Amino acid sequence: MPPRRVRSPSCCSFTAAPSSSNPNFEPSTAARAIAAGFVPHYVTYPLEDMPAAVLTVRAEAKRLRQKFGLRRVYAYGSSAGGTLAALLSGNGLVSAAVAKAPVSDLVSWQWPLTTYGANYDERIGLTLSARYRLSPLRRPAMSPLLIYQGRGDRVVPPAMNEAYAAKFPRVYFWSVPGGHTTDRKRPWLISKALHWLARTADRQARAAAHNNALLLSRPDGSSDLPQLL
């Protein structure tokens, strides 16, 4: 989601499930995203087909990057949407992201197998190779990512995301009260997470401006400085 403070007209925000299954996501995030300086944009994806869901959000992120620029696109997602946001930030397809209780390791995740049946992964298009390929913990982590999760979460083990954050220096983990839907009972957590995203966007904008100033100060217009994120 691009921040308004840097004059970005849109942003990515990913629902945790199709809107018919999670009607509270947009009402609970829209005003808070605006208050944090973002212009929210929502996309619905097919939760029953995880590979297709990944392609859907990648395509939308690409469209927004082409329209507004990579540095102006950020993501926020919850649960399955958090997994998608983590994949986008991991690939550097957004400048930073927030994920509430994402499934960062699809290979070791056991909850849906005991809840929906042993063939759950196959029903949503996740072969073993796809589970490895689409697990954020098993991929790079290129852009900053904040994960927040209830300590009592029984759907996604908090230890899974603690291990994810321990593995990558750009992945941050906030342990908060509550369970898997803690953001519904404690909506102030959404505001806090989105303000972290806004502060990250501000730091990135200042770093980019600093790099540009240094580049312009070189007589030949060249720079040997790395690009700051």
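Return yes when L113 is part of a helix (DSSP H, G or I), of a type in the set (A, V, I, L, M) and out of contact with any strand residue (DSSP E or B) (no Cβ under 9 Å at 6 or more places or on another chain) and no when it is not.
In short, yes.
Condition check: in a helix (DSSP H, G or I) and aromatic (F, W, Y). Does Y148 satisfy that?
No.
Looking at this structure, is P177 of a type outside the set (V, I, T), surrounded by fewer than 19 Cβ atoms within 10 Å (Cβ to Cβ), at pLDDT below 95 and out of contact with any Phe, Trp or Tyr (no Cβ under 6 Å at 6 or more places or on another chain)?
Here the answer is no, as P177 does not meet what is asked.
Checking Q66 against (1) in a helix (DSSP H, G or I); (2) touching a residue at least 40 places away in the same chain (Cβ under 8 Å); (3) surrounded by fewer than 21 Cβ atoms within 10 Å (Cβ to Cβ), which single condition isn't satisfied?
Just one mismatch for Q66, condition (2).
What is the residue count in the range 180-228 for residues that are modelled with pLDDT of 90 or more and either exposed (fewer than 12 other Cβ atoms within 10 Å of the Cβ) or at positive phi (or both)?
Residues that pass the stated criteria total 2.
S135 passes all but one of (1) within 16 Å of the chain's Cα centre (by Cα); (2) under 24 Å from H195 (Cα atoms); (3) polar (S, T, N, Q); which number fails?
Among (1) within 16 Å of the chain's Cα centre (by Cα); (2) under 24 Å from H195 (Cα atoms); (3) polar (S, T, N, Q), S135 violates only (2).
Can you report the number of residues in the range 33-57 which are buried (at least 19 other Cβ atoms within 10 Å of the Cβ), part of a helix (DSSP H, G or I) and in contact with a Phe, Trp or Tyr (Cβ under 9 Å, 6 or more places away or on another chain)?
4
Tell me, please, whether a residue that is of a type in the set (G, A, S), touching a residue at least 40 places away in the same chain (Cβ under 8 Å) and in contact with a Ser or Thr (Cβ under 9 Å, 6 or more places away or on another chain) can be found in the range 115-129.
Scanning the range 115-129 turns up no residue that is of a type in the set (G, A, S), touching a residue at least 40 places away in the same chain (Cβ under 8 Å) and in contact with a Ser or Thr (Cβ under 9 Å, 6 or more places away or on another chain).
Scan the range 179-207 residue by residue and report those that are touching a strand residue (DSSP E or B) at 6+ places or on another chain (Cβ under 7 Å), touching a residue at least 60 places away in the same chain (Cβ under 8 Å) and not in a helix (DSSP H, G or I).
H180
Just need a number here: residues in the range 1-32 that are modelled with pLDDT of 55 or more, of a type in the set (D, E, K, R) and surrounded by fewer than 17 Cβ atoms within 10 Å (Cβ to Cβ).
Going through the range 1-32 one residue at a time, the tally reaches 1.
For the range 93-105, check the following and say yes or no: at least one residue is part of a helix (DSSP H, G or I) and touching a helix residue (DSSP H, G or I) at 6+ places or on another chain (Cβ under 7 Å).
Taking every residue of the range 93-105 in turn, none turns out to be part of a helix (DSSP H, G or I) and touching a helix residue (DSSP H, G or I) at 6+ places or on another chain (Cβ under 7 Å).
Does the range 121-138 contain any residue that is modelled with pLDDT of 95 or more, surrounded by 15 or more Cβ atoms within 10 Å (Cβ to Cβ) and among the polar types (S, T, N, Q)?
Yes, some residue in the range 121-138 is modelled with pLDDT of 95 or more, surrounded by 15 or more Cβ atoms within 10 Å (Cβ to Cβ) and among the polar types (S, T, N, Q).
Cβ-Cβ below 6 Å, separation at least six or inter-chain, first residue in the range 77-93 and on the phi < 0 side of the Ramachandran plot, second basic (K, R): which pairs?
As it stands, the answer is S78/K100; G82/K100; G90/R139, since those pairs meet every condition given.
The values are calculated or read from the model by the stated rules, or taken from the named source; none is laboratory data. What you see is a predicted model; the values in this text were computed from it and never measured. Positions of Cβ are generated from backbone atoms using ideal geometry, with glycine treated the same way; all protein chains shown enter the neighbour counts.
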